[in-house]
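**Student:** Below: one structure in structure tokens.
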Amino acid sequence: MPIIYLNGSFMPREEAKLSIDDRGFIFGDGVYEVTRVVNGELFESGRHLTRLSRGLADIRLDPVESLADIEDISRRLIADNALGEGEGTIYLQITRGAAPRTHHFPPADTRCTVFLSAAKFTVPHDKRATGVSVVTYPDIRWSRCDIKTVNLIPAVLAKQFAVDHGVFESIFVRGSAVMEGSHTNCFGVLDGELRTYPSSNYILGGVTRDVVIELAKELGVPVAERAFHVADIPRLEEFFVTGTTTDVMPVVEIDGKPVGSGTPGPITRRLYEALAARLYARVPAGR
Ligand SMILES: Cc1ncc(COP(=O)(O)O)c(C=O)c1O
């Protein structure tokens, strides 16, 4: 029976109860994080907590739990859910709490709802070996995509579009610019240079994206945070998506047309290997 954390208590998942007045349910008024756990260790916890704290500030939420508390709670969930070995994830969601429905903020003493859970996770190595297909999809999102809000309807529709087309991911296109995936960031290789949409309010600042940019610099791969466009897609030498549960995933087909050679490219492979070296730095097994 999985153990979760909800508003100050650890309990079996089945016993957790939320108010129907919770503003996460009523308005999508909250933020979330997904953090990777490898052999009991949180991966890049500091970066996730920094993004969380920015998101909380942006939507003006101030939970009782500090960032240090959240890390402690995550560690306890790793232990209580036997995630000391192998792969897992911690899911966290913080909402503005339960209060009578008003669009404006509830009374100041309303407790934020803080929920964390832990789960085992299977790494999609089979997909990585062959590479995956993606489709493009109009970016119908708002102009604060940098906030990791639980308001995910555009992402839900986009990902379902991918599922309907039997592919791994949808890639948002805003105007003509290639932005990011429904739940991933994306990178292309053009003329030997790694390109990705610049950090801005129009994409989520992915933790994996940041790590991959850092790794590219370490490996001497030319990298630029500069947009590329739909018209560039036929010229792409490589393309891949990144995310906490996706790592570096080679994309071999976009909208039914092959990317480069139609197989995972060499820069993509090197970056995955470098990311894996960090993920599994302490325990080489479990890959
Ligand atoms: C829209 C979007 N972009 C990118 C990402 C990847 O971010 P991270 O690498 O932090 O998982 C996510 C993750 O959920 C996302 O939802």
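What follows is calculated from the coordinates using simple rules that are stated; it is not laboratory data. In this text the structure is predicted, and so the values were computed from the model without any measurement. Every residue, glycine among them, receives a Cβ derived from its backbone with ideal geometry; neighbour counts consider all protein chains shown.
**Student:** Can you tell me how much longer the chain between Asp126 and Ser66 gets when fully stretched, taken as 0.36 nm per residue apart minus their C-alpha distance, in nm with one decimal?
**Tutor:** The span from Asp126 to Ser66 would gain 17.7 nm if fully extended.
**Student:** Roughly how far apart, in whole Å, are the Cα centres of the stretch 51-82 and the stretch 174-234?
**Tutor:** Centre-to-centre (Cα) distance: 28 Å.
**Student:** Which of rounded, prolate, oblate describes the stretch 13-163, given a ≥ b ≥ c as roots of the alpha-carbon gyration tensor eigenvalues and a/c under 1.5 marking rounded, otherwise prolate only if a/b is larger than b/c?
**Tutor:** Values: a/c = 1.91, a/b = 1.18, b/c = 1.61.
Since a/c reaches 1.5 but b/c is at least a/b, the shape of the stretch 13-163 is classed as oblate.
**Student:** Nearest 10 degrees, 0 to 90: what angle lies between the long axis of helix 153-164 and the longest principal axis of the chain (Cα atoms)?
**Tutor:** 50
**Student:** Taking the Cα centre of the stretch 156-287 as the origin, how large is its charge dipole in debye, to the nearest 20, when only Lys and Arg (+1) and Asp and Glu (-1) carry charge on their Cβ atoms?
**Tutor:** Numbers: 13 positive and 16 negative charges, 52 e Å.
That gives a dipole near 260 debye.
**Student:** What shape does the stretch 192-245 have by the C-alpha gyration tensor, where a ≥ b ≥ c are the square roots of the eigenvalues, rounded means a/c under 1.5, and otherwise prolate means a/b greater than b/c and oblate the rest?
**Tutor:** oblate
**Student:** What is the order of Glu15, Glu169, Glu87, Glu214, fewest Cβ neighbours within 10 Å to most? Numbers along the way, then the final one.
**Tutor:** Values: Glu15 11, Glu169 25, Glu87 18, Glu214 14.
Going from least to most buried by this count: Glu15, Glu214, Glu87, Glu169.
**Student:** Going by average Cβ neighbours within 10 Å, how do the peptides 175-184, 128-137 rank, with the highest at the top?
**Tutor:** 175-184, 128-137
**Student:** Here's another thing I want to ask about it. Per 0.36 nm of contour for each residue apart, how much would the distance between Met1 and Ala79 grow if the chain were fully extended, relative to their Cα-Cα spacing? Each step should come with its number before you reach the end.
**Tutor:** On the way: separation 78, 0.36 × 78 = 28.08 nm, distance 1.33 nm.
Length gained, Met1 through Ala79: 26.8 nm.
**Student:** A further question on this structure: Considering just Cα atoms, how many Å³ per residue does the convex hull of the stretch 125-279 enclose?
**Tutor:** On the way: hull volume 15.6 nm³, N = 155.
Taking the convex hull of the Cα positions in the stretch 125-279, it is 101 Å³ per residue.
**Student:** What number in nm² do you get for the chain if you take the convex hull of its Cα atoms and divide its surface by four?
**Tutor:** Averaging across all directions leaves 15.1 nm² for the Cα convex hull.
**Student:** Once you list every other residue whose beta carbon is under 13 Å from the beta carbon of Ala98, what net charge do they have if Lys and Arg are +1 and Asp and Glu are -1?
**Tutor:** Here the count lands on +1.
**Student:** Counting pairs of alpha carbon atoms under 8 Å apart in space and at least six apart in sequence, what relative contact order in percent does the chain give? Working shown, then result.
**Tutor:** Details: 560 pairs, mean separation 49.5, N = 287.
After rounding, I find 17 percent.
**Student:** With axes computed from alpha carbons, what is the tilt in degrees of helix 67-80 against the longest principal axis of the chain, rounded to the nearest 10 within 0 to 90?
**Tutor:** Approximately 90 degrees, to the nearest 10.
**Student:** Over the stretch 3-120, calculate the relative contact order: mean separation of alpha carbon pairs under 8 Å at least 6 apart, over the residue count, as a percent. Before the final figure, lay out the partial values.
**Tutor:** On the way: 203 pairs, mean separation 45.1, N = 118.
Relative CO of the stretch 3-120 lands at 38 percent.
**Student:** Still on this structure: Once both labels are modelled 7 Å past Cα along the beta-carbon direction, what's the Ser176-Ile153 spacing in nm?
**Tutor:** So the two model labels end up 3.1 nm from each other.
**Student:** May I ask you to list the lysines whose Cα is less than 27 Å away from that of Lys127, ignoring any residue fewer than eight positions away on the same chain?
**Tutor:** Lys127 reaches Lys148, Lys159, Lys217, Lys257.
**Student:** How far, in nm, would the chain grow between Asp58 and Lys217 when pulled straight, counting 0.36 nm per residue and subtracting the alpha carbon separation? Spell out each step's value before the answer.
**Tutor:** On the way: separation 159, 0.36 × 159 = 57.24 nm, distance 3.01 nm.
Extra length from Asp58 to Lys217 when fully extended: 54.2 nm.
**Student:** Additional query: Could you compute the FRET efficiency for Asp164 and Ile140, with r as their C-beta to C-beta distance and R0 at 22 Å, rounded to 0.05? Don't jump to the answer; show the numbers that get you there.
**Tutor:** Numbers: r = 16 Å, r/R0 = 0.73.
It comes to 0.85.
**Student:** Let me ask something additional. Quick one: dipole size for the chain, taken about the Cα centre, charges +1 on Lys/Arg Cβ and -1 on Asp/Glu Cβ, in debye to the nearest 20. Show your work: numbers first, answer last.
**Tutor:** Numbers: 32 positive and 37 negative charges, 30 e Å.
For this selection, approximately 140 debye.
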